[in-house]
Amino acid sequence: MDMIKKIAPRILMIAIIVVISNFIYKATTYEADLEGSANVLGKFEDAESKADVLYFSSSPNATYSDWQDTDYRSISQMVDDSVDLKVMSVDTGAIHAGVFKHLIHMIPSNSKVKKVIVHLNYRSFGQGWIQSELENAIQKEMVFYNNYPAILNRYLQGLNAYDAVSSKERERIMLESWEKEPLPFDPPRTTVKTWCAVEKWGDWTNPKRQLADHYIKNFAFTLSEDNPRLKDYDEIVEICKAKNLELYFVILPENLEEGEALVDADLISLMKDNKDQLKKRYEEKGVTVIDDFDLLNDEDFLERTFPSEHYFEDGRKEIAKSIIKVLK
Amino acid sequence: MLFDSLEFLLFLPAVILLYWIIPHKFRWLLLLAASYFFYGSWKAEFLVLIMYSTIVDYIAAIQIDKALSQFKKKAWLIVSLCSNFGVLFIFKYFNFFIGSRSFFQKFEGAHPKVEWLTSFLEYGIPVGISFYTFQTVAYTIDVYQGKVKPERNIGKFALFVSYFPQLVAGPIERFSKLHHQIFKKHTLDYDKLQKGFRLILYGMFIKMVIADNIAPIIDPVFDNPLLYSQGDNTISLLLFSVQIYADFHGYSLIAIGVAKLMGVNLMDNFRTPYFAFSIKDFWSRWHISLSNWFRDYLYIPLGGNKVSYLRWVVNILIVFIVSGIWHGANFTFIIWGAIHGLMYLSEQMIVRAKILELKGAFLKGVGLIKTLFVINLAWLFFRSDSVAKAYLSICKMFGTEPTNETYLSIRDVEHAKSHESIEGILSGGTFEVKTLVFDSIYLIPLLFLIGMELLIQQKRFDGVVDKYPFWLRWIIYGLLIYLVMAMSGADFYQFIYFQF
């Protein structure tokens, strides 16, 4: 009893300190922390209060070429300019469905948002992206999405209370999957590792060889139910159903022409099979799927040293058109 | 499960609460289960190794005690030493000697045993293996020397080996000091609880706020010293000396605090080491439990200072170089140990020759600066991935250009790694360390640490704070709670000493 009498007031003191700390934190470094590690949250809060349609994307939405493009508008801006609804983007580089689902979950029930458009990036289903070095930063950022007092979220970040995996461990998981996960082809293309070892473009110093490797590593995989990205998109569907939000998935275009030229037609057929599987899965769940997978040609793609979903002005316009058509 | 993790913050109160609720006779069983759960939370497979060490040393110690002839005693001691150091060698140094994994790859599919070893080694260095190996080795040597009687209950001995507060990063305790404390009937003592919590709070502050915020600033500089200025390289080295101290000392303080919550007093591992006046003084303040281990189980058995002068010099060098190797299989650690060894010897030679005695404030100040300089120079090798990179850092710090051969070899490595030219990286621009540090709000906790260290000197945080009035104590607690909650490093960085 004596012990409780001694401890109880001290626990109360600590609770008071935590409450005061929360006030001080929100008044001082909170904004800077948000800016530094969760800037998409600010975008979300702004867009959610103003828009009819929320447009969730990573860099493909807004990346442009400042030397070739004349129209620098993002895809979502192009859509917004062409429909009667207010479309606002919630985007930042390298984020994925794992982040989108948390943000969609935060849309309040009385929100004016009625439709949600989500980019479905085929590459984000591959181990190269799942185990990306940026993943820790993304996971860290998501701690701020918890509905706890700001200082508690910050403390949880400090405790690494997120899916924190060392970059060495991520690399190990990625290499293991490339080495062991079977692909539906005859030898030597039975795994990503053995497929990459096929010397089509000479040694490693050849840029074409490097790019071909990137294509295989990023696009050659089979979809399994364990795929974390698949689970994320499934959850998005469930959240939107529960919140009565109309959901659209936009399957982003990939540079199939370059992929076929650098690797072979089998890679493209594998990619298309996976894409069809995804499209079927989500259409059956009642999602409107806008399939832009093979919408663009090689010249619409911006990056030349890595397969990405960054498009020149014409490419962005084509994607915007396909979305506008469905929204209208 | 790291001390500064959410899992541990849930695990600890549950264990402490249960510990004080259940009857004394069951407490050791609770602690054993908790310790194995704690260690297994990293990788359950590692439990096999700690169980192996436990069983071997349990049997060896009993056999040493039972043996009638000196020959048999020695034979069992050798069995214990070989098995302990054998495991340590395989997991920590094997890759270094055989040229890493590629050696095994040749055998893949060839022999099941080799495949098994390959897959096991791929798990990396088992957490804390150097710490618990040294603790159990000390135990068998103590039994051999008749200093302690062996524990006959294997469960209780397993708890001594795996006692979770100090399992993964020390302090490396002796059987004679720790064992009876763990099994003693403790009564709930408010004073110990208070001191324990104070140490945990201060330990969290210096680990999470100081060390974890420094890591992301300086890591890029040590990865590519050539890309940063003379000032940035120098500041990064100074910051590393703060980081490694805060990281390790913070973790040790949490360990001491956690044990105190259960009534157990662990030894101090650090006593403001950067206020040392000499290398000898430094080693009486830095990682004290390891220094004592090397003194008792290596230096003295080698003959200590009761040998010829030349032999003594050799003994000192052996101890420091082995201490370097203890940290890891890399020439950088050997050089780190050698620098300390050579500096220690030169100081002792001056003392022996009575050339200079560190008396008076001025000479002590000179001694302090000289010691800091040597320690920092040695830290450079300790932190660098390779000797070549350490050389580049030194060149940058002293404003000289590295020789072409070294520059090219580093450049080639970087090129192979990134497929980019170093000029390309250079043109990309980098951040300035001094801007990040001196224009940052994180300078406040850094200054707070320096202030506390000046106040603490050779004492301990809990003892110093104890003397303050109630209101001042709570202002300090409040400040520490705020800093830990609002300014901890948020990036994922493992505790530096886990790799050892």
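The values are calculated or read from the model by the stated rules, or taken from the named source; none is laboratory data. If you're wondering where the values come from, they're calculated on a predicted model, not measured in any experiment. In this analysis, Cβ positions are derived from the backbone assuming ideal geometry, glycine residues included, and neighbour counts consider all displayed protein chains. Keep in mind that these areas ignore ligands, DNA and RNA; they rest on the heavy atoms of the full protein, side chains included. Shrake-Rupley method; radii C 1.70, N 1.55, O 1.52, S 1.80 Å.
Are there any helices (runs of 4 or more DSSP H) wholly within the range B:284-388 with 2 or more residues that are of a type in the set (A, V, I, L, M) and under 17 Å from the mean Cα position of the chain (by Cα), and if so which? Lay out the reasoning, then the answer.
Numbers: elements: B:288-294, B:309-327, B:331-352, B:361-383.
Ranges flagged: B:288-294, B:309-327, B:361-383.
Determine whether A:LEU267 is open to solvent by less than 40 Å² (accessible area, probe 1.4 Å) and either over 25 Å from A:GLU235 (Cα atoms) or part of a loop (DSSP other than H, G, I, E, B) (or both). Working first, answer last.
On the way: open to solvent by less than 40 Å² (accessible area, probe 1.4 Å): yes; either over 25 Å from A:GLU235 (Cα atoms) or part of a loop (DSSP other than H, G, I, E, B) (or both): yes.
Criteria met by A:LEU267.
So, in the range B:199-224, exactly how many residues are surrounded by fewer than 21 Cβ atoms within 10 Å (Cβ to Cβ), more than 14 Å from chain A (Cβ to nearest Cβ) and not hydrophobic (A, V, I, L, M, F, W, C)?
Result for the range B:199-224: 1.
Condition first: open to solvent by 70 Å² or more (accessible area, probe 1.4 Å) and either at pLDDT below 90 or within 12 Å of chain B (Cβ to nearest Cβ) (or both). Can you find one or more residues in the range A:112-123 that meet it?
The initial filter retains those residues of the range A:112-123 that are open to solvent by 70 Å² or more (accessible area, probe 1.4 Å), namely A:112, A:114.
Filter again for either at pLDDT below 90 or within 12 Å of chain B (Cβ to nearest Cβ) (or both), leaving none.
The answer is no, given that none of the residues of the range A:112-123 is open to solvent by 70 Å² or more (accessible area, probe 1.4 Å) and either at pLDDT below 90 or within 12 Å of chain B (Cβ to nearest Cβ) (or both).
Search the range A:1-34 for residues being under 21 Å from B:ALA486 (Cβ atoms) and not in a helix (DSSP H, G or I), and hand back the single one that is farthest from the other protein chains (Cβ to nearest Cβ).
That would be A:THR28.
Hey, can you tell me all the residues within the range B:8-55 that are within 14 Å of chain A (Cβ to nearest Cβ), touching a Leu at 6+ places or on another chain (Cβ under 9 Å) and free of Cβ contacts under 8 Å to residues at least 60 places away in the same chain?
Those that are within 14 Å of chain A (Cβ to nearest Cβ), touching a Leu at 6+ places or on another chain (Cβ under 9 Å) and free of Cβ contacts under 8 Å to residues at least 60 places away in the same chain: B:PHE8, B:LEU9.
From the list A:LEU41, A:LEU54, exactly one residue is open to solvent by less than 20 Å² (accessible area, probe 1.4 Å), in contact (Cβ under 8 Å) with a residue 60 or more places away in the chain and under 30 Å from B:LEU480 (Cα atoms). Which is it?
Numbers: A:LEU54 fails: under 30 Å from B:LEU480 (Cα atoms).
Answer to the check: A:LEU41.
Condition check: at pLDDT 75 or above and either over 27 Å from B:ARG285 (Cα atoms) or not charged (D, E, K, R) (or both). Does B:LEU449 satisfy that? Break it down into steps so the answer makes sense when it comes.
On the way: at pLDDT 75 or above: yes; either over 27 Å from B:ARG285 (Cα atoms) or not charged (D, E, K, R) (or both): yes.
Taking the combined requirement at face value, the residue satisfies it.
Does the range B:84-100 include one or more residues that are of a type in the set (Val, Ile, Thr) and at pLDDT 90 or above?
Initial filter on the range B:84-100 (of a type in the set (Val, Ile, Thr)): B:87, B:90, B:98.
Okay, now just the ones that are also at pLDDT 90 or above, so none.
Checked against the condition, which is being of a type in the set (Val, Ile, Thr) and at pLDDT 90 or above, the range B:84-100 yields no hits at all.
Here are some conditions: (1) open to solvent by less than 30 Å² (accessible area, probe 1.4 Å); (2) part of a helix (DSSP H, G or I). A:LEU183 meets all but one. Which one does it not meet?
Of (1) open to solvent by less than 30 Å² (accessible area, probe 1.4 Å); (2) part of a helix (DSSP H, G or I), only one is false for A:LEU183: (2).
I need the full set of residues from the range A:134-168 which are more than 7 Å from every other protein chain (Cβ to nearest Cβ), of a type in the set (A, V, I, L, M) and in a helix (DSSP H, G or I), in order please. Before you say what the answer is, go through the steps one by one.
Taking the range A:134-168 first, the residues more than 7 Å from every other protein chain (Cβ to nearest Cβ) are A:134-135, A:137-139, A:141-150, A:152-153, A:162-163, A:165, A:167-168.
Filter again for of a type in the set (A, V, I, L, M), leaving A:134, A:137-138, A:142-143, A:150, A:152, A:165.
Hits for the range A:134-168 are A:ALA137, A:ILE138, A:MET142, A:VAL143, A:ALA150, A:LEU152.
Of all residues being farther than 24 Å from A:LEU134 by Cα and free of Cβ contacts under 8 Å to residues at least 40 places away in the same chain in the range A:169-194, which is farthest from the other protein chains (Cβ to nearest Cβ)? Just the residue, please. It would help to see each step written out before you state the result.
Applying the first criterion (farther than 24 Å from A:LEU134 by Cα) to the range A:169-194 yields A:182-191, A:194.
After this cut, where a residue has to be free of Cβ contacts under 8 Å to residues at least 40 places away in the same chain as well, the list is A:186-188, A:190-191, A:194.
Numbers: A:ASP186: 21, A:PRO187: 16, A:PRO188: 17, A:THR190: 15, A:THR191: 14, A:THR194: 14 Å.
The extreme case among them is A:ASP186.
What are the pairs, 6+ residues apart or on separate chains, where a residue within the range B:182-198 that is within 13 Å of another protein chain (Cβ to nearest Cβ) and outside any loop (DSSP other than H, G, I, E, B) has its Cβ under 7 Å from a residue that is surrounded by 18 or more Cβ atoms within 10 Å (Cβ to Cβ) and at pLDDT below 90?
Partner pairs satisfying both residue conditions: B:ARG198/B:PHE461; B:ARG198/B:ASP462; B:ARG198/B:VAL465.
I'm told A:ALA62 meets every condition in (1) within 27 Å of A:GLU133 (Cα to Cα); (2) more than 18 Å from the chain's Cα centre (by Cα) except one. Can you identify the failing condition by its number?
(2)
Could we say that A:MET13 is free of Cβ contacts under 8 Å to residues at least 24 places away in the same chain, open to solvent by 10 Å² or more (accessible area, probe 1.4 Å) and not charged (D, E, K, R) here? Walk me through it before giving the result.
Values: free of Cβ contacts under 8 Å to residues at least 24 places away in the same chain: yes; open to solvent by 10 Å² or more (accessible area, probe 1.4 Å): yes; not charged (D, E, K, R): yes.
The answer is yes for A:MET13.
Kindly list the number of the only condition in (1) closer than 29 Å to A:SER132 by Cα; (2) polar (S, T, N, Q); (3) open to solvent by 10 Å² or more (accessible area, probe 1.4 Å) that fails for A:SER49.
Going through (1) closer than 29 Å to A:SER132 by Cα; (2) polar (S, T, N, Q); (3) open to solvent by 10 Å² or more (accessible area, probe 1.4 Å) one by one, A:SER49 breaks only (1).
Look through the range A:57-90, keep the residues that are assigned to a helix (DSSP H, G or I) and not aliphatic (A, V, I, L, M), and return whichever of them is surrounded by the fewest Cβ atoms within 10 Å (Cβ to Cβ).
Filtering the range A:57-90 down to residues assigned to a helix (DSSP H, G or I) leaves A:59-61, A:75-82.
In the following step, the residues that additionally are not aliphatic (A, V, I, L, M) were identified as A:59-61, A:76-77, A:80-82.
On the way: A:SER59: 16, A:PRO60: 23, A:ASN61: 27, A:SER76: 27, A:GLN77: 19, A:ASP80: 21, A:ASP81: 11, A:SER82: 15.
Applying the filter and picking the extreme gives A:ASP81.
Kindly provide the set of residues from the range B:454-478 that are within 14 Å of A:ILE20 (Cβ to Cβ) and either open to solvent by less than 10 Å² (accessible area, probe 1.4 Å) or within 9 Å of chain A (Cβ to nearest Cβ) (or both), ordered by number.
So in the range B:454-478, the residues within 14 Å of A:ILE20 (Cβ to Cβ) come out as B:474-475, B:477-478.
B:TRP474, B:TYR477, B:GLY478, listed by residue number.
Surrounded by 15 or more Cβ atoms within 10 Å (Cβ to Cβ) and part of a helix (DSSP H, G or I) - does that describe any residue in the range A:238-254? Before the answer, list the steps.
From the range A:238-254, those surrounded by 15 or more Cβ atoms within 10 Å (Cβ to Cβ) are A:239-240, A:243, A:245-254; that's our starting set.
Right, trim to part of a helix (DSSP H, G or I) and you get A:239-240.
Yes: the range A:238-254 contains one or more residues that are surrounded by 15 or more Cβ atoms within 10 Å (Cβ to Cβ) and part of a helix (DSSP H, G or I).
Just to check your reading of the model, which residue among B:ALA158, B:ALA169, B:ALA75, B:ALA138 is under 18 Å from the mean Cα position of the chain (by Cα), at pLDDT 90 or above and away from chain A (no Cβ under 14 Å)?
The unique qualifying residue is B:ALA138.
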